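Every number in this text was worked out from the coordinates using simple rules, so none of it is lab data. Note that the coordinates shown come from a computational prediction; the quantities given were computed from them, not determined experimentally. When we count neighbours, we look across all protein chains shown, and the Cβ atoms used for this are built from the backbone with ideal geometry, even at glycine.
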Amino acid sequence: MAIAEQDVRTFFNEYGQALGSRDAKAIAKHWGIPSLVVSDQGTVPVASSEEVEAFFSSSMQQYEGVAEARANIERVAELSENVVAAEIAWQHKDDQGRTRGGERGHYMLSRQNGRLSIVVYAPKTA
């Protein structure tokens, strides 16, 4: 059975909660191992959950004042029965509900053993 768009929405809602709470361990649980981060700076293979945790722990200062990360799903494409690609526009809000910026990215999610996880991430820079 193909991955339902509602499952993708649920996944990104939960991932956004982990991001908003700055919980590196919860964030890492959403990443498949191995996975890839692809950007203009190159391709970075991710070989362990500890690498994901370390990355997010070290970059939390850039999200100072962000209390909520809301995923606006712009597009979902079914690539196979167990793989989807999603384009996400993240909206960051402070604890008063005011917008504090955001970012965009492309995600490839894979379903293994009944759960979705990020296997490829590419930030959208333009």
> Which of the residues belonging to the range 17-61 are closer than 21 Å to T125 by Cβ and small (G, A, S)?
Replying inline: S35, S39, G42, S58, S59
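Which residue out of R115, R75 is of a type in the set (K, R) and either under 15 Å from G32 (Cα atoms) or without any contact (Cβ under 8 Å) to a residue 12 or more places away in the chain (or both)?
Being of a type in the set (K, R) and either under 15 Å from G32 (Cα atoms) or without any contact (Cβ under 8 Å) to a residue 12 or more places away in the chain (or both) holds for just one of R115, R75, which is R115.
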> So which residues in the range 78-88 are out of contact with any helix residue (DSSP H, G or I) (no Cβ under 7 Å at 6 or more places or on another chain) and either surrounded by 12 or more Cβ atoms within 10 Å (Cβ to Cβ) or in contact (Cβ under 8 Å) with a residue 40 or more places away in the chain (or both)?
Replying inline: E78, L79, E81, N82, V83, A85, E87
